[in-house]
Structure formats: C-alpha cells, structure tokens
1. Working only within region 108-140, note down all residues that are hydroxyl-bearing (Ser, Thr, Tyr), assigned to a helix (DSSP H, G or I) and in contact (Cβ under 8 Å) with a residue 40 or more places away in the chain.
2. Tell me, which residue of region 130-145 that is under 13 Å from the mean Cα position of the chain (by Cα) and closer than 16 Å to VAL97 by Cα is surrounded by the fewest Cβ atoms within 10 Å (Cβ to Cβ)?
3. Please find, within region 78-102, the residue that is modelled with the lowest pLDDT out of those that are outside any loop (DSSP other than H, G, I, E, B) and open to solvent by 80 Å² or more (accessible area, probe 1.4 Å).
4. Within region 1-42, how many residues turn out to be modelled with pLDDT of 80 or more and part of a helix (DSSP H, G or I)?
5. Can you tell me which residues in region 46-71 are among the aliphatic types (A, V, I, L, M) and within 17 Å of SER159 (Cα to Cα)?
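The values are calculated or read from the model by the stated rules, or taken from the named source; none is laboratory data. None of the values given here were measured: they were computed from a predicted structure. Ideal geometry is used to build each Cβ from the backbone, glycine not excepted, and the neighbour counts take in all protein chains shown. The area values use the complete protein model at the heavy-atom level, side chains included, leaving out ligands, DNA and RNA. Shrake-Rupley method; radii C 1.70, N 1.55, O 1.52, S 1.80 Å.
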Amino acid sequence: MVMGPVRLYIYHMRQDDAKKCTAMKLKKHGLAHVFFSAREAPRGAVILDPMAPKALSRADRPVMLARGLLAVDCSWAKIETFPKALRGPRRCLPYLVAANPVNYGVPTKLSTAEALAAALYIAGFKEQAHRVLSVFKWGPVFLELNKDLLEAYSEAEDSQGVLKAQEEILRALGITPARDK
C-alpha cells in the first residue's frame, strides 16, 4: 500500500481544516498510513518532532528503513499538544521554508507532506521525497525553494553536521541561530 523504501506513518490529531490536509491526500494516493489514535503508532519509527533537540540526518537511514518515519498532523497553533507518548527516536527538521498555500514563505511552518518529504530528502531518499510532493501542485516549489538547504543538510553525516550546516545557512541569511552553543 505505502510506496517507497521508507514506510510513512501519520498520526492525525484532527486539528486542522480537513480540506487543506496534506496527510489525507497522501493517504488517498497510497503514500502514507494515517491513523487517529496514538495506540496505533508503530514502535521505533523515527518521529518528526519540532521540539526534539536532535536534528534528522543521514544517520537515521537504518531506523527509517527498518521502522519507518512518523509525522504528527497537528495545528501549529496547538503545538503544545504534540504527543509525548509516541515511542521512537525523535528528530527535528532544520531550517526550511514552507511552500504550501497556507504558510507559503514562512520559515519552519511546514505542512505534514513537506516535513515528510524534507526528512526523506535529508536522509537520502530523494526519489521518495519527490514522489510524496508530486501529488501537490505546490510540491515541486517546496523542493526548488529549499534546494540548496536540502542538499547541504543531506550531505551532513549526522545530527551535529546538520545543525552546523543550519547555523552556517542562518548566519549567511543574517539570522541569529536559536541553538547557538
């Protein structure tokens, strides 16, 4: 049912406008398994968590292949409700710019589809990332808008390398990195 080397899972929290929901469109096209109860979540899948201290990187490839990739479809306005009970390594995504119609041009406010595609791209599953975004009119725009960023992140060996690349990118854009050490 789910296409590609990495099984994609989406925990849908029913907080957003159903007509604009990228998760349900991915389900409709057989690209992701969508569920509505945390009890259905696969154990051990890499969880995309915007508050995770560790960034997703190529080092997460083996776990993604073995256990899958899990995104949570919830409202950015209710991000404090992000589920804590899900089990698996949690990873954040580095700085990227949204291309979806709701948050176009807004840094870090990605749709579920953009987040899954970005994670796949960074981990080296570029073909699957393109497939995920191909079902949206704006999908290719996300990849084009973030091309240099995604390439830089995908070349990093591990989480620290991704965060270092992000820091360099943010400095070049004149933005002070939030995670300065």
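1. Taking region 108-140 first, the residues hydroxyl-bearing (Ser, Thr, Tyr) are 108, 111-112, 121, 134.
With the extra rule that they be assigned to a helix (DSSP H, G or I), the set shrinks to 112, 121.
Hit for region 108-140 is THR112, nothing else.
2. LEU143
3. Restricting to residues being outside any loop (DSSP other than H, G, I, E, B) and open to solvent by 80 Å² or more (accessible area, probe 1.4 Å), the top hit is LYS78.
4. The qualifying residues number 10.
5. If the condition is that a residue be among the aliphatic types (A, V, I, L, M) and within 17 Å of SER159 (Cα to Cα), then VAL46, ILE47, LEU48, MET51, ALA52, ALA55, LEU56, ALA59, VAL63, MET64, LEU69 are the ones that fit.
Yes or no, residue by residue, for (1) touching a Ser or Thr at 6+ places or on another chain (Cβ under 8 Å); (2) more than 30 Å from LYS27 (Cβ to Cβ); (3) at pLDDT 95 or above:
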site	(1), (2), (3)
TRP138	no, no, yes
ALA156	yes, yes, yes
ARG171	no, yes, no
ILE175	no, yes, no
ALA178	no, yes, no
